[in-house]
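Student: For reference, the structure I am asking about is given below.
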């Protein structure tokens, strides 16, 4: 099994780019390849995999920290209001509780 390091960068406009760090400067653009990635860790607050952490009218700056635990299929967030919340991971539907 080939091991690769893929870096995901997101913007506040919910635009994501994926880069393969083993091949300098190569962007991963194939949707099939991106969907098939088995992530080792997830700490980004933006992305389809964590859409459910966002309340209906929340600002993308409200959630400041996120960490996913693949073994227990959960994600923990910390926000501007001092709250720590736990969600299932992945949490795809916006506004999940």
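Bear in mind that the values in this text are calculations on the coordinates, not laboratory data. Worth saying up front: this structure is predicted, and the values here are computed from it rather than measured. Virtual Cβ from ideal backbone geometry, glycine too; neighbours counted across all protein chains shown.
Student: Could you line up 29, 60 from fewest to most neighbouring Cβ atoms inside 10 Å?
Tutor: Listing 29, 60 from fewest to most nearby Cβ atoms yields 29, 60.
Student: Would you mind calculating the relative contact order of segment 40-97 from Cα pairs under 8 angstrom and at least 6 residues apart, reporting the percent as a whole number?
Tutor: 41
Student: Right, another one. So, in nm, how far is label residue 88 from label residue 48 when the simple model puts each one 7 Å beyond its Cα toward the Cβ?
Tutor: Once both label points are built, they end up 1.8 nm from each other.
Student: Using the count of nearby Cβ atoms within 10 Å as a rough guide to exposure, how do 45, 75 rank from fewest to most?
Tutor: Ascending number of Cβ neighbours within 10 Å: 45, 75.
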